[in-house]
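Encoded as structure tokens, the structure appears first; notes follow it.
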């Protein structure tokens, strides 16, 4: 009976390890794909992104100086869209990409490490329980005189 229990426990541990590894791979690949989808560079603040993303609005600003109202309005609309895109990307980084990275690179390895440590402690507990039980049996069967 104990052998069957140990086999089932070992099978359950292997299943959990496989699932943890799968979650780690999925979160890591999702992090990579989301990072690749961003148009700006990851980790930059909004001001630096706006300079890198929409340098075309500079040309629209020069045209506005010439008095072309339509180009000025288009430049302003483009600038507003750029700012919205920048804020959206920053929010996606903060709310989705960073937690996925932490999950894949920090939390799952910690869980795996703790599981291995727990398995070792359970083995130690089982062996000491067996030793204690055998010593009690020996004491009961052959009492000291």
If residue 40 passes every condition in (1) in a helix (DSSP H, G or I); (2) modelled with pLDDT under 75 but one, which one does it miss? (1)
What residue, of 59, 82, 63, is modelled with pLDDT of 75 or more and either farther than 30 Å from residue 117 by Cα or surrounded by 11 or more Cβ atoms within 10 Å (Cβ to Cβ) (or both)? 82
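The values are calculated or read from the model by the stated rules, or taken from the named source; none is laboratory data. None of these values were measured; they are calculated from a predicted model. Cβ: placed from backbone, ideal geometry, glycine included. Neighbour counts: every protein chain shown.
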